[in-house]
DNA sequence: TTGAAAGCGCTAACAC
DNA sequence: GTGTTAGCGCTTTCAA
């Protein structure tokens, strides 16, 4: 077995509780004893067993991070940032992928519950009711989902959508289309509301669609049929698929139709034409969500909604309307 | 506090040890008692505390997965698959990002060590010496790195590179270039050896380069200077950057120069031209690595090297040589 | 087949 | 400032 607190105690001639204190309450132990104990510990390669510690303190110093699909390029920057922020706060994070399956998601939360101090739920597929039930067992922070009374990190897609429509309008486009995402999506709903409020333009609503390239590909015909010359797509993947579908039909972007995506994934910078998009602050969302979560772990409370700004990044997939 | 084994024992009129057995050694308990206990447990919403269990069994049922950079599109499919495979085996996985920093990497392993039964090290930046030292503390499986005597999952890049060179040769290219990656990379070394063995062609070695689009972008001038008409790049990101760099200099892909990448990341299918690439079985690697790890957790042993096949995917970035 | 008791590694009152 | 003791939730001998 590995070296335990008892080994350190024996080797440094003090009681285990002194060793314990040397680590978790340094101010309660004589500086000299402390340095000696720590030296011995270091010498022996002692590392506190966090699981054992958790048993008495009730703090595991672990977090759960649950996402629908790790492979969706929207998530990795969020995971990376969350994980790093947690590490800086001396927390480890379990990352779990539900593969878009609510059943898996619920089960995961259940089994994780005892091993973590809190859970970050990103774009959950669970019903509100289930989420509300589960929150009794462990603190949550939601990302990209709104449930009343729960701590949440949101990105201001509505504003992003407004910026997008203004951009298209400024370029002279008057007939626009919104290629929506899955019907249950909060993001998609926000975009629709922004579209409905757009002025001086017609906006056609095309959807729902799968939030993938295939979804965009399949929407190409409808976009053409709508007569729109400016399009806001649910996300970058959809936008890229759409551009491809349009190309297959001999429609050029941006010469014939302008297309804007959402998320600012890396692929958007690499595709041709480079994608004009609404950048989502995913890394910031990850960091902030972790901080909110740790705060609510400490204070038992901390609900509240944090709304993060989005920005429009103009690249090559939008251009002037030719009327 | 949550419901513990004691609550279940009390509510079902048996001793805690019986409840324990009902869960972890069902065959040792009377079927009737068992069903009753389980019913009560279910009723109370009891879930065994894995951390407490780990304290006596020595098995945490957790795994660590350490990668250099979650945002690198090479990793998410691997993480996703590993995580899912682990879940099927009733394991949870800590995912940690070292941000390419060996110091962080070592530290992470150290603190994770006590909480996991094994660690998956993907493309580690540590020295062999350090890896060998750390393996004393916890079982490892290495992905994309070879250290003697350690369990390893490798992808057959050398064969992939051969296929790439053969493809280029068959298209009539005679002057080739290999745009290499970071100097310490096992993958890069494999590619170089394959290149050196290629027949009937000249291969220029260009590098080392950063394993990113910027690396590819910066290599464009050298590629042109080399006079090569067929290029194998370290990975897809480099290939995409290279294609961009060539375009900036008025060189068309594939008309003037053919380019092949490695990894088959999603962006490669979305970029223009669509990238011809060597597909790496990252998901399979993740699954297999987890199985190897669990096996070595059980048997204390299990070293061995698994080599996975790679395949050439021909898309649009390669074409016939115009000579 | 079940109960009793010890103990995993650690922390947290409580004494001294 | 340090030692003693009990106990976190669970498993695992050992008896019965």
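No value in this document is a laboratory result; all are computed from the given coordinates. This is a predicted model, so every value here is computed, not measured. Note: ideal-geometry Cβ built from the backbone for every residue, glycine included; neighbour counts use all protein chains shown.
The alpha carbons of chain A occupy a box of 87, 38, 31 Å along the principal axes, longest dimension given first. Shielding by partners for peptide B:70-78, expressed as the average number of C-beta atoms from other protein chains within 10 Å of each residue's C-beta, is 5. Translational diffusion of segment A:228-323, estimated by Stokes-Einstein from the Kirkwood radius over alpha carbon pairs at 4 °C in a medium of 1.567 mPa s, is 86 µm² per second. On the beta carbon distance between residue A:214 and residue B:171, with R0 = 35 Å, the FRET formula returns roughly 0.70. With its label point put 7 Å out from Cα toward Cβ, residue A:107 sits 3.7 nm from the same residue's point in the other copies, in order from shortest.
Going by C-beta contacts inside 10 Å, put A:259, B:314 in order with the fewest on the left. Mind showing how you got there, number by number?
Working: A:259 27, B:314 15.
With the sparsest Cβ surroundings first, the list reads B:314, A:259.
Between the helical axis of B:157-170 and the longest alpha-carbon principal axis of chain B there is an angle of about 30 degrees. Summary value for segment A:175-308: 19 percent relative contact order, contacts being C-alpha pairs under 8 angstrom separated by 6+ residues. Percent of alpha carbon pairs in segment B:52-120 separated by more than 19 Å? Roughly 36 percent, once rounded to a whole number.
Sorted from nearest, the other copies put their residue A:36 label points 5.7 nm away, the label point being 7 Å from Cα in the direction of Cβ.
Hey, fewest Cβ within 10 Å first, where do A:137, A:213 land in order? Neighbour counts put them in this order, fewest first: A:137, A:213.
Given N residues in segment B:212-267, what is its alpha carbon radius of gyration divided by 2.2 N^0.38 Å?
Working: Rg = 9.9 Å, N = 56, 2.2 N^0.38 = 10.2 Å.
So segment B:212-267 has a normalised radius of gyration of 0.98.
For the pair residue A:146 and residue A:90, a Förster radius of 25 Å applied to the C-beta separation gives a FRET efficiency near 0.25, rounded to the nearest 0.05. Taking a ≥ b ≥ c as the square roots of the eigenvalues of the Cα gyration tensor, an a/c ratio of 1.5 or more together with a/b larger than b/c marks segment A:53-183 as prolate. With a 10 Å cut-off around each Cβ of A:37-49, the average count of Cβ atoms from other chains is 1.
Assuming 1.002 mPa s and 20 °C, estimate D for the protein assembly as shown with Stokes-Einstein, Rh taken as the Kirkwood radius over Cα pairs, in µm²/s.
On the way: Rh = 27.1 Å.
Translational diffusion coefficient: 79 µm²/s.
Spin-label pair residue B:101-residue B:35: with each label point 7 Å from Cα along the Cα-Cβ axis, the two points sit 5.7 nm from one another.
Counted over the protein assembly as shown, the DSSP beta bridges are approximately 10% antiparallel.
Here B:260, B:5 are placed in order of increasing Cβ neighbour count within 10 Å, fewest first, which gives B:5, B:260.
Please average, across the residues of A:109-118, the number of beta carbons from any other chain that are within 10 Å of each residue's own beta carbon, and give a whole number.
Details: counts 0, 2, 7, 3, 3, 8, 9, 1, 0, 0.
Going residue by residue through A:109-118 and averaging, the value is 3.
Taken over segment A:140-182, the alpha-carbon convex hull comes to 84 cubic angstrom per residue.
With everything on Cα atoms, drop me the angle between helix A:236-248 and the longest principal axis of chain A, reported from 0 to 90° to the nearest 10. Compared with the principal axis, the helix lies near 30 degrees. With a cut-off of 16 Å on the backbone N, the residues of segment B:78-121 near the modelled label site 7 Å out from residue B:129 along Cα-Cβ are B:102-103, B:106. Between residue A:137 and residue A:11, the simple spin-label model (points 7 angstrom out along Cα→Cβ) gives 4.0 nm.
When you restrict to C-alpha pairs under 8 Å that are six or more residues apart and normalise by the size of chain B, the relative contact order lands at 17 percent. Taking the longest Cα principal axis of chain A as reference, the axis of helix A:282-299 is set at about 40 degrees.
Return the Rg/Rh value of segment A:170-247, two decimal places, where both radii are evaluated on C-alpha atoms and Rh is the Kirkwood radius. Show your work: numbers first, answer last.
Numbers: Rg = 11.5 Å, Rh = 12.2 Å.
Here Rg/Rh amounts to 0.95.
Taking the DSSP bridge list for chain A and keeping only pairs wholly inside it, about 10 percent are antiparallel. Ranked from shortest, the separations from the 7 Å Cα-to-Cβ label point of residue A:6 to its equivalents in the other copies are 2.2 nm.
In the protein assembly as shown, helices alone account for a calculated mean residue ellipticity at 222 nm of -14000 deg cm²/dmol, with every DSSP H run of four or more residues adding -39,500 (n - 2.57). With both labels modelled 7 Å from their Cα along Cα-to-Cβ, the residue A:221 to residue B:183 distance reads 5.7 nm.
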